[in-house]
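Taking it in order: structure first as structure tokens, then the write-up.
The values are calculated or read from the model by the stated rules, or taken from the named source; none is laboratory data. Here the structure is a predicted model, which means the values were calculated and not measured. Here Cβ is always computed from backbone atoms with ideal geometry, including for glycine, and neighbour counts include all displayed protein chains.
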Amino acid sequence: MSIYDYSSDEVLIERFKEGDEFAFDLLVRRYEQKVYQLAYRLTNNPDDAADVAAEAFLRMYNSLKRFRGDAQLSTWLYRVVSNVFFDFRKREARHQHLPLEMPTDDDDEPYELPVEDESVDIMGHALQQEQRRVLMEAIQQLPEYQRVMVVLFHIEERPYEEIAQIMGLPLGTIKSRLNRARNALRQLLEPYRELFGVEESPTTGVPQEASDAL
């Protein structure tokens, strides 16, 4: 292990800007698991996730010398992965002659953030695998932008402010669209209340269960 392994992202970026290719290799090593994990959670397909991750690192290589440090590298890289995913879905939609679902202005209406019900615990070991499968399938049914926001917030546990940076949108817009995405996910999970041990309507607490199960 070299001294570079203990260097900060900022130091490695500066080394790369000075022509040190090994510094870039270390950054890839540092983030490859997180990048692949995000790509897999967005695509739910290991081959597609590998393609998205590879393209994300290629874009990172081509753009990193222009990186100004306005955000943390992890935030910037998550944005790159999200953009690669959107482009991937656009190509896929063109090949299948399907429209890519985009957010509308109606998604940006202000709202009051609901209070989450944290009383439900679904971490029963025997059911976790089935819960994971159902949740991933439900997330895959969301429109692309909703899918990215749900994954970033409820699974990757990114704060609103960072998601706003990743998506390049105002904070209020992120909160509004995430609220709609959350409601859409709850509706998709409505038939599976018993699987998650939720007796009442799944509009209380299902997103927390999604992040727990995944």
Which one of Arg30, Arg41 is in a helix (DSSP H, G or I), assigned by TED's automatic domain parsing to the domain that holds Arg79 and surrounded by fewer than 18 Cβ atoms within 10 Å (Cβ to Cβ)? Arg30
Scan the range 54-90 residue by residue and report those that are over 14 Å from Ala164 (Cα atoms) and acidic (Asp, Glu). Glu55, Asp87
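Here's the yes/no breakdown for (1) touching a residue at least 24 places away in the same chain (Cβ under 8 Å); (2) of a type outside the set (Gly, Ala, Ser):
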{"position": "Gln33", "(1), (2)": "no, yes"}
{"position": "Tyr36", "(1), (2)": "no, yes"}
{"position": "Ala39", "(1), (2)": "yes, no"}
{"position": "Leu42", "(1), (2)": "yes, yes"}
{"position": "Ala49", "(1), (2)": "no, no"}
{"position": "Ala54", "(1), (2)": "no, no"}
{"position": "Asn62", "(1), (2)": "no, yes"}
{"position": "Arg68", "(1), (2)": "no, yes"}
{"position": "Ser74", "(1), (2)": "yes, no"}
